[in-house]
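Student: Can you read through this structure? Questions will come right after.
The values are calculated or read from the model by the stated rules, or taken from the named source; none is laboratory data. Keep in mind the model is a prediction, meaning the values are calculated, not measured. In this analysis, Cβ positions are derived from the backbone assuming ideal geometry, glycine residues included, and neighbour counts consider all displayed protein chains. For the accessible areas, the whole protein counts, side chains as well, though only heavy atoms, and no ligand, DNA or RNA atoms are used. Shrake-Rupley method; radii C 1.70, N 1.55, O 1.52, S 1.80 Å.
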Amino acid sequence: MSRQTNTLTTDYHKYDKWFMIAKVLLVLSPFVALTYLQASVGGSDLSLLLRQDPKITVTLLASMAGPFTAYLLGFAQKHLHDGDPAYMMAHLTLLFVTELLLRNMVFLIMMLYLMYLVYKMTGMSPAASLRAKWHDHFFRDLSGCFLLILLGAFCLFVSWHLGM
């Protein structure tokens with residue numbers, strides 16, 4: 001009787017274009033915010049406006065999380081390519097929480113879609129990935145996500161305080 005092994009061979013590069021689109025959009029977000037703010041002030045001094053209107057400052061601060069999110073997404077994607085889907089799904093789950101705190105609907109939907117793609121590739125749920133990472137250097141591997149969650153919580157608190 002021959003022994004049959006059931007191995008899951010997944011092409012982790014199959015959806016790289018979606019991850020690249022997400023990273024580009026995340027990196028461009030502060031520049032889009034700055035361009036929008038420059039256009040809305042109509043030639044007046046942006047630094048003066050940032051000091052006078054804290055709502056604009058919070059909006060700009062929230063957009064500045066984009067490039068670091070893109071960096072973490074690229075770092076997690078390398079782990080996915082190395083065959084560690086738990087690392088990727090755990091990052092996406094915590095980045096989803098960050099975007100939820102920042103109330104950024106475009107990136108929130110984007111993270112949900114990326115989570116769906118990783119689930120489709122690997123069959124690993126967000127809860128299963130967090131459980132797997134809990135026993136394998138949880139805080140060390142996900143520390144960047146926790147910094148972003150802290151920034152998101154700060155922005156949410158300030159925006160509630162300002163009535164946004």
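Student: Among (1) open to solvent by 40 Å² or more (accessible area, probe 1.4 Å); (2) at pLDDT 90 or above, which single condition is Leu72 missing?
Tutor: Here Leu72 meets the rest and fails (1).
Student: Identify, from the list Ala70, Ala39, Ala76, the residue that is in contact with a His (Cβ under 6 Å, 6 or more places away or on another chain), assigned to a helix (DSSP H, G or I) and not β-branched (Val, Ile, Thr).
Tutor: Only one candidate qualifies: Ala76.
Student: Can you find, within region 7-52, the residue that is most open to solvent (accessible area, probe 1.4 Å) among those that are among the charged types (D, E, K, R) and modelled with pLDDT of 80 or more?
Tutor: Out of the qualifying residues, it is Lys17.
Residue-by-condition table, conditions (1) open to solvent by less than 20 Å² (accessible area, probe 1.4 Å); (2) at pLDDT below 90; (3) on the phi < 0 side of the Ramachandran plot:
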| residue | (1), (2), (3) |
| --- | --- |
| Leu95 | yes, no, yes |
| Val106 | no, no, yes |
| Leu114 | yes, no, yes |
| Trp134 | no, yes, yes |
| Asp141 | no, yes, yes |
| Gly152 | yes, no, yes |
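Student: I would also like to ask the following. Give region 19-35 a look and list any residue that's closer than 14 Å to His81 by Cβ and either in contact with a Leu (Cβ under 7 Å, 6 or more places away or on another chain) or not in a helix (DSSP H, G or I) (or both), or say none.
Tutor: The answer is Phe19, and nothing else.
Student: Additional query: Given the conditions (1) part of a helix (DSSP H, G or I); (2) modelled with pLDDT under 90; (3) open to solvent by less than 80 Å² (accessible area, probe 1.4 Å); (4) more than 23 Å from Leu150 (Cβ to Cβ), and given that Leu60 satisfies all but one, which numbered condition is not satisfied?
Tutor: The number of the failed condition is (4).
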